Every structure is written in structure tokens, then in C-alpha cells.
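Asks: This structure is in C-alpha cells; I'll ask about it shortly.
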Amino acid sequence: MRITKVTLVRQESMAEENVNNLLLLLGQSLGLFGYRDKDKSCYRIFIILVRALQADVRLSSDELALQTGLSRGTVIHHLNRMMDAGIVTNFRNKYFIDYENLEALIADIRKGVDEVFDQMSTLAKRIDSTLNIQ
């Protein structure tokens, strides 16, 4: 499991189900972008990284900046957030989604979330026992 910090957000499905809307919905569900991503910069980076996953290529921050029309600083900011979440990997200054596909990424996130909830449940039981909370 590589996922370390992810924000999950419940989303309503979109009326038109094209691939761009599905990618937007997935990214929003992962808390990658939302209302604060006004110029859709993180969304644009995410789409390029998904296309790179499809083509099995890795991209530098400069390449991502060029392809998105964003500054390198903006790209690195969003890459760092996605790396903190465990969604993007950096190896030799190349960035990529290090999963076979998006379904494998989501399965890893689910595994991580289940482990965190198991830990919290164990802690809650110990606290309840210590405080005699029935």
C-alpha cells in the first residue's frame, strides 16, 4: 500500500458520462480538486498523468508545465499534493501514476482506508474499555 494521505469526497454522478467528466468525478472524489481549483490546473495535470499512464510514459515537471500551459511552480505544487496522497510517484525527476490502471489505484486506496478504520476501531475499543464506556 502506497497511499498515505487521501481525502475522500462523496460526489453526485454527472448527467453526461464522457471520459472527461468521469475523470473530473474521480479526481473530485479523491479530493484532488474542487472549488479552490478555479482554473482546473490540478485537473489538467491529472488528465495528462492519466494519459501518460495509458501510454506508459513518465513526464518531468517541465513537460507537464508545457502540456498544461501552467507554470512549473503550479505543476510542482499539485504534484506534491498528489504524491502526498500516494497517487503520483516521482522517480529520477519523472512523475507518473505507479499503478497498472486506475482501478488498481482505487483498490489500493480502499485497502489503506480499511486499515485506518481497523486501527481506529481498535483504538476506540481500548478507549471505551479504559473509560468504562459501554
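Asks: So THR4 ticks every box in (1) in contact (Cβ under 8 Å) with a residue 24 or more places away in the chain; (2) over 14 Å from the mean Cα position of the chain (by Cα) but one. Which box is left unticked?
Replies: THR4 satisfies all of (1) in contact (Cβ under 8 Å) with a residue 24 or more places away in the chain; (2) over 14 Å from the mean Cα position of the chain (by Cα) except (2).
Asks: Of these, PHE46, PHE33, which one is surrounded by 14 or more Cβ atoms within 10 Å (Cβ to Cβ), among the aromatic types (Phe, Trp, Tyr) and either assigned to a loop (DSSP other than H, G, I, E, B) or modelled with pLDDT under 90 (or both)?
Replies: PHE33
This table checks each residue for (1) farther than 17 Å from LEU8 by Cβ; (2) over 12 Å from the mean Cα position of the chain (by Cα); (3) assigned to a helix (DSSP H, G or I).
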| position | (1), (2), (3) |
| --- | --- |
| ALA65 | yes, yes, yes |
| ARG81 | no, no, yes |
| ILE87 | no, no, no |
| ASP108 | no, no, yes |
| LYS111 | no, yes, yes |
| ASP114 | no, yes, yes |
| THR122 | yes, yes, yes |
| ARG126 | yes, yes, yes |
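Asks: Let me ask another. Could you tell me which of the residues LEU53, LEU23 is at pLDDT 95 or above and under 17 Å from GLU103 (Cβ atoms)?
Replies: Going through LEU53, LEU23 in turn, just one is at pLDDT 95 or above and under 17 Å from GLU103 (Cβ atoms): LEU53.
Asks: In region 52-68, which residues are in contact (Cβ under 8 Å) with a residue 24 or more places away in the chain and touching a helix residue (DSSP H, G or I) at 6+ places or on another chain (Cβ under 8 Å)?
Replies: Those that are in contact (Cβ under 8 Å) with a residue 24 or more places away in the chain and touching a helix residue (DSSP H, G or I) at 6+ places or on another chain (Cβ under 8 Å): LEU53, ARG58, LEU59, SER61, LEU64, THR68.
Asks: Still on this model: In region 42-78, how many residues are touching a strand residue (DSSP E or B) at 6+ places or on another chain (Cβ under 9 Å) and basic (Lys, Arg)?
Replies: 1
Asks: Next question. Among (1) closer than 16 Å to SER41 by Cβ; (2) at pLDDT 95 or above; (3) surrounded by 15 or more Cβ atoms within 10 Å (Cβ to Cβ); (4) of a type outside the set (D, E, K, R), where does GLY73 come up short?
Replies: Evaluating GLY73 over (1) closer than 16 Å to SER41 by Cβ; (2) at pLDDT 95 or above; (3) surrounded by 15 or more Cβ atoms within 10 Å (Cβ to Cβ); (4) of a type outside the set (D, E, K, R) leaves (3) as the failure.
The values are calculated or read from the model by the stated rules, or taken from the named source; none is laboratory data. From a predicted model like this one, the values you see are computed outputs, not experimental measurements. When we count neighbours, we look across all protein chains shown, and the Cβ atoms used for this are built from the backbone with ideal geometry, even at glycine.
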